[in-house]
1. At q = 0.10, 0.21 Å⁻¹, what base-10 log of I(q)/I(0) does the Debye formula yield for the stretch 1-118 when every alpha carbon is treated as an equal point scatterer in vacuo?
2. If we count every other residue with Cβ under 9 angstrom of A450's Cβ, Lys/Arg +1 and Asp/Glu -1, where does the sum land?
3. What is the spin-label model distance, in nm, from E391 to R143 if the labels are put 7 Å beyond Cα along the C-beta direction?
4. Once every Cα of the stretch 230-309 carries one equal point scatterer and solvent is ignored, give the base-10 log of I(q)/I(0) from the Debye formula at q = 0.16, 0.19, 0.22 Å⁻¹, two decimals.
5. What's the local net charge at S74, with K and R +1, D and E -1, over the other residues with C-beta under 11 Å away?
6. Less than 13 Å Cβ to Cβ from S232, Lys/Arg counted +1 and Asp/Glu -1: what total charge do the surrounding residues give?
7. Please sort by residue number the trypsin sites (Lys or Arg not before Pro) in the stretch 117-191 whose DSSP state is loop and whose Cβ has at most 16 other Cβ atoms within 10 Å.
8. Within the accessible area of the stretch 229-309, what % is carbon and sulfur when the probe is 1.4 Å and the other protein chains stay in place?
Amino acid sequence: MEKEWNDRIEQYFSDHRQEIIDTLFALARIPSVQGAPVEGKPYGQAVADVLDKALALCEEQGLETENIGYYCGSARYGSAEKELGFIAHLDVVPAGDGWSGKPFEPFLRDGYAIGRGVRDNKNGAVCGLFAIRCIKELGIPMRHALRLIFGCAEETGMDDLPHYLEKHAAPSFSIVPDTSFPVCHGEKGIYTADLLLPIGPEVLGFEGGIASNVVPDKAEICLRTSAPAAGSPAAGEHVRLEAGDGTLRLLANGITAHASQPQHSISAIYELASALCRAPELCSEKTLKSMTFLRDMLSDCYGERLGIAASDEPSGKLTCICGLVRLEEGAVRMNLNIRYPVTYSGEKITEGLRRTAQENGMELANIHDDHPNFLPGDLPAVQRLTRIYNEATGRSLPPYVMGGGTYARHLPNAVAFGPDDPEEAVPCPPGHGSAHEPDECQSIRGLLEAAKIYVRALIELDAVID
């Protein structure tokens with residue numbers, strides 16, 4: 001790229017720094033967690049509100065916008081038939097507990113924006129908007145039109161994007177800004193299913209987790225029992241007891257993490273199951289058997305106790321968490337969230353889970369298999385984007401495969417690319433600061449640098465993509 005354009009791009013983002021922060025905060029103030037459908041708004045009012053806001057921000061800049069039934073929306077710049085895509089999502093996971101402030105009242109602290117969605121994935125939406133604005137306002141010539149797509153259900157199954165593809169052809173090539181730099185050229189398969197565990201009548205309540213794809217940091221179980229809380233071996237570092245009138249409530253805490261990276265988390269569900277295994281006098285034989293299974297299953301995060309462990313060279317080990325548990329009609333429904341290697345298959349996971357369920361008197365239900373996405377690492381577009389990032393940062397990082405899932409898996413010719421800095425340590429204690437965690441944060445410096453990288457990426461892709 002010519003030095004003149006580089007200098008003008010640098011100046012553009014210096015001039016628009018505060019506007020970029022204000023735009024991020026305007027989106028992050030809207031609590032866009034999926035809710036019950038309302039008329040014409042399939043993901044609830046809050047998600048519709050954030051889409052309305054994003055489209056209004058685009059319209060203010062003269063971009064051509066479209067609302068596709070509140071499933072998703074888009075903004076377009078340019079008149080060419082062929083497009084380059086930039087695809088982010090506006091929905092967020094529930095806030096959860098443990099924040100140092102109010103999760104939907106974003107604020108700045110030490111150069112970081114803090115609030116639910118500032119990192120996952122409203123930062124990507126803001127980068128896309130300002131990258132397109134930069135190209136438009138500087139008058140940089142482009143052969144392709146630029147299409148910014150706003151998804152509304154990425155966190156809850158990605159059934160939004162098919163509605164867009166029913167009306168429009170996919171872009172010739174798409175960037176999905178929903179991961180770490182440099183280029184993620186492969187994503188593990190995402191497999192979810194429920195196991196129904198038998199439970200005794202003494203269990204009055206059992207609940208844990210806020211979403212399938214989040215390791216739960218809170219869980220509780222309520223038992224009908226006259227056993228005293230004082231001195232019970234069920235209590236521990238992560239479990240406290242509350243005695244009631246003929247009841248005992250066990251409340252567990254842990255350390256949350258995204259389902260794709262559970263290695264350093266502590267599951268509150270595991271802590272509860274372990275507590276009951278330490279105090280078998282509190283529950284029936286039926287309940288104890290299920291709690292022992294649950295404890296053993298969650299003692300590792302690689303599916304070994306479920307009979308589904310797998311790994312490959314491109315993507316590493318399969319990971320497995322229990323993101324949700326609920327008591328339903330005399331059984332505990334536990335939701336499994338599994339990320340499996342790109343060369344593996346969901347059918348093999350189903351075989352292993354069915355075998356495990358049959359051996360333990362359990363039921364397997366609600367299977368959903370989202371197949372892996374993989375592009376060769378030596379693909380020219382992958383290599384070009386990797387070079388752009390490394391030249392901008394002075395690093396020499398290779399493309400990679402991850403356990404997370406993005407819209408790239410549902411589009412032809414798409415990769416996840418930033419905006420997170422892979423070498424940045426968030427200024428928060430363990431279990432805080434990252435995606436899906438309390439005190440979710442985004443470096444403002446990193447946000448600006450990412451937006452500049454995206455401008456350069458779109459310009460170079462425009463020159464080489466047919």
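1. -0.40, -1.26
2. -2
3. 1.7
4. Each listed q maps to, in turn, -0.64, -0.85, -1.05.
5. Result for the local shell: 0.
6. After counting each charged neighbour, the total is +1.
7. Qualifying residues, ordered by number: R143.
8. Looking at the stretch 229-309 in its full context, I get 46 percent from C and S.
The values are calculated or read from the model by the stated rules, or taken from the named source; none is laboratory data. Since the model is a prediction, treat every value here as computed from it, not as a measurement. Please note: Cβ atoms are built from the backbone with ideal geometry, for glycine as well, and neighbour counts cover all protein chains shown. Side chains are part of the model used for accessible areas, which takes the heavy atoms of the whole protein and leaves out ligands, DNA and RNA. Shrake-Rupley method; radii C 1.70, N 1.55, O 1.52, S 1.80 Å.
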